[in-house]
1. Checking Ser165 against (1) assigned to a strand (DSSP E or B); (2) over 19 Å from His91 (Cβ atoms); (3) out of contact with any His (no Cβ under 9 Å at 6 or more places or on another chain): exactly one of these is not met. Which one?
2. Looking at the range 168-187, which of its residues are farther than 17 Å from Tyr31 by Cβ and either open to solvent by 60 Å² or more (accessible area, probe 1.4 Å) or outside any strand (DSSP E or B) (or both)?
3. Scan the range 146-166 and tell me whether some residue there is under 25 Å from Ala183 (Cβ atoms), modelled with pLDDT under 95, open to solvent by 30 Å² or more (accessible area, probe 1.4 Å) and hydrophobic (A, V, I, L, M, F, W, C).
4. Taking the residues in the range 75-125 that are part of a strand (DSSP E or B) and among the charged types (D, E, K, R) as candidates, determine which candidate is farthest from His142 (Cα to Cα).
5. Checking Ser56 against (1) under 22 Å from Arg127 (Cα atoms); (2) free of Cβ contacts under 8 Å to residues at least 24 places away in the same chain; (3) open to solvent by 60 Å² or more (accessible area, probe 1.4 Å): exactly one of these is not met. Which one?
6. Just to be sure before I move on: is Leu152 under 16 Å from the mean Cα position of the chain (by Cα), farther than 23 Å from Asp64 by Cβ and not in a loop (DSSP other than H, G, I, E, B) in the structure I sent?
7. Considering every residue within the range 135-143, establish whether at least one is over 13 Å from the mean Cα position of the chain (by Cα) and at pLDDT below 95.
8. Just name the residue that is surrounded by the most Cβ atoms within 10 Å (Cβ to Cβ) out of those in the range 67-102 that are of a type in the set (Val, Ile, Thr) and within 18 Å of Asp51 (Cα to Cα).
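The values are calculated or read from the model by the stated rules, or taken from the named source; none is laboratory data. From a predicted model like this one, the values you see are computed outputs, not experimental measurements. Backbone-built Cβ (ideal geometry, glycine too); neighbour counts: all protein chains shown. These accessible areas exclude ligands, DNA and RNA; they are computed on the full protein's heavy atoms, side chains included. Shrake-Rupley method; radii C 1.70, N 1.55, O 1.52, S 1.80 Å.
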Amino acid sequence: MTNSFKKISLLIAAAGLTLSAGTMAAPGISYNYAALQFVDQDVDDYDCNQDGLRLSGSLELNDDFFALGSLSDVSGGHCGSETISAGIGYHTLFGADSSVYGALSFENISVDHGESDSGLVVAGGLRGFINNNVEAKVELSHHTAHDGNTVLGGGLAYWFSSQFSVTGDVGIGSEASEIAIGARMNF
C-alpha cells in the first residue's frame, strides 16, 4: 500500500503543477474531456489488489450524443490486467447545472494471469455542480465480461479553472471495487 500512496502523491503533485492557482467556476457540464487517473482496484474472486493508470476521454458528437473510451493498465503481485473500452452515449439537461446520461460500450479485459474476456458495459448516471467549483456524479453500470460486475459509482471534480480539475472517484461493485484519483481537462 505504501507504493500506491507514493504514486497517488506524485499524481496529485503533477496535477497541481499544471493547474491554475486561481479559482474559477467551470462552464457547465462538458462531454469534451480527457482524464488521467491512478486507480487502485480490489477484485473479489481472485483475492487480487491491483493498481495503475487509466486514461479516459469523451467527445461530443452533437448536442445529444457523445463518444467515450478508456485504457487502463493495472498490475499486482499475482494478478493484473489491461482494459480497453469504447462506446457511445446520450445526455440531456437535468436542471440548470446538471445532466443525465446513458452509455453503451464494448470492453476487452486482457488478464495477465488467466483468461481474457470481452463484453458490454451499460451505464447510466447524473452529473452536476453542487457549487461553483465542485462537480459531482453518481453512476450505475453493469459489465458483462467474465462473471459480470454491477458497480455503483460516484465522484467529485474540483475545478481550479474552466479547463482543469482534480478528480476523485469510488466504485463499489459486486465483483470488483476501486478508488481513483487524478486530473481532467476540458477542451
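1. The number of the failed condition is (2).
2. If the condition is that a residue be farther than 17 Å from Tyr31 by Cβ and either open to solvent by 60 Å² or more (accessible area, probe 1.4 Å) or outside any strand (DSSP E or B) (or both), then Val170, Ile172, Ser174, Glu175, Ile179 are the ones that fit.
3. The answer is yes, given that some residue of the range 146-166 is under 25 Å from Ala183 (Cβ atoms), modelled with pLDDT under 95, open to solvent by 30 Å² or more (accessible area, probe 1.4 Å) and hydrophobic (A, V, I, L, M, F, W, C).
4. Among those residues, the one meeting the criterion is Glu82.
5. That leaves (3) as the condition not met.
6. So Leu152 fits the description; yes.
7. no
8. Only one residue fits best here, namely Val74.
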